[in-house]
Amino acid sequence: MAKVLIVYASDYGGAKKMAEVLAGGVDSVPGCQAILKTAEEAAAEDVTSADALVLGSAVHMASMHWKMKKFIDTVCGGLWMGDKINGKVGAVFACGSGYGNAGGGCELTMLAMLGNLAELGLILVTLPKNSPGYVKGGLHWGPYGRAHNEDLSPIEGGLPDERAAAARQHGVNVARVAAALAGKKLLG
Ligand SMILES: Cc1cc2nc3c(=O)[nH]c(=O)nc-3n(C[C@H](O)[C@H](O)[C@H](O)COP(=O)(O)O)c2cc1C
């Protein structure tokens with residue numbers, strides 16, 4: 001069984017909803033299981049016992065939520081010092097308001113988290129441009145959600161289908177790679 005740990009930081013539910021949809025994609029792959037934790041809940045054993053680590057954050061001031069940064073620095077930082085998670089699979093997603101239309105910091109948020117996962121020694125899974133939902137809910141780095149429409153009215157009912165499709169596909173892709181690599185010691 002390949003385990004995919006999804007750690008998210010969400011105040012208003014957007015990133016949480018994306019985490020749940022992504023988990024559905026993971027669970028749809030035979031032999032794979034998603035484990036959902038908030039950035040405050042997730043502990044070192046959760047990370048070491050997983051085959052893949054997916055980080056999802058609300059966009060705050062064009063960067064990740066401080067609770068996600070705290071998780072990375074305090075929980076993952078200790079594992080990095082001990083070279084404990086080299087070669088696991090890593091991926092990211094983000095949810096912003098959508099101000100500025102291009103994502104208003106989603107891209108920077110995902111790149112910041114991907115940079116952290118690279119430093120941790122993970123094998124990164126990104127989002128191919130032919131993924132379902134990519135046009136509305138995808139960037140090369142991963143899927144993104146937005147809490148507001150382009151006219152800044154709130155998006156009712158959470159994640160629209162076309163964005164949910166990108167999040168779900170990301171879960172499928174991460175799970176496939178995690179399953180293929182599970183139990184193998186590939187890096188250093
Ligand atoms: C302190 C703060 C800073 C924010 N900065 C941004 C931003 O830079 N870009 C953006 O698109 N949205 C920004 N937002 C809006 C959130 O990204 C948006 O509310 C989103 O729904 C957060 O995800 P969540 O629903 O999982 O909490 C900010 C919100 C807060 C509270």
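Read the figures in this text as sums done on the coordinates, not as results from a lab. Note that the coordinates shown come from a computational prediction; the quantities given were computed from them, not determined experimentally. Cβ: placed from backbone, ideal geometry, glycine included. Neighbour counts: every protein chain shown.
Here are a few things to note about the model shown:
- Sites excluded, trypsin sites (Lys or Arg not before Pro) in DSSP loops with at most 14 other C-beta within 10 Å, longest stretch of the chain: 1-128
- Among beta bridges identified by DSSP and lying wholly in the chain, the antiparallel ones come to about 15 percent.
- Here the stretch 1-146 is treated as a sphere whose radius is the Kirkwood value from Cα pairs; by Stokes-Einstein at 20 °C and 1.002 mPa s it diffuses with a coefficient of 144 µm²/s.
- Computed on the stretch 2-181, with alpha-carbon pairs under 8 angstrom and 6+ residues apart, the relative contact order is 28 percent.
- Filtered GluC sites (Glu not before Pro), the stretch 1-98: DSSP coil and at most 16 other beta carbons within 10 Å: Glu40, Glu41
- Value of Rg/Rh across the stretch 117-156 [Cα atoms, Kirkwood radius]: 1.14
- The string of couplings for the stretch 86-99 from the Karplus curve (6.51, -1.76, 1.60, θ = phi - 60°) is 3, x, 6, 8, x, 7, 9, 7, 8, 9, x, 6, x, 4 Hz, one whole number per residue in order, with x for Gly and Pro.
- 0 to 90° range, to nearest 10: angle between helix 14-27 axis and the chain longest Cα axis: 50 degrees
- Crossing angle, helix 106-119 versus the chain [Cα axis fit, 0-90 degrees, rounded to tens]: 10 degrees
- Sequence-distant contacts, meaning Cα pairs under 8 Å at least 6 residues apart, place the relative contact order of the stretch 14-74 at 31 percent.
- Length released on extending from Ala44 to Thr74, taking residue separation times 0.36 nm less the Cα-Cα span: 9.9 nm
- Sparse-neighbourhood loop sites, GluC sites (Glu not before Pro) in the stretch 87-161 - DSSP loop, at most 13 other Cβ within 10 angstrom: Glu150, Glu156
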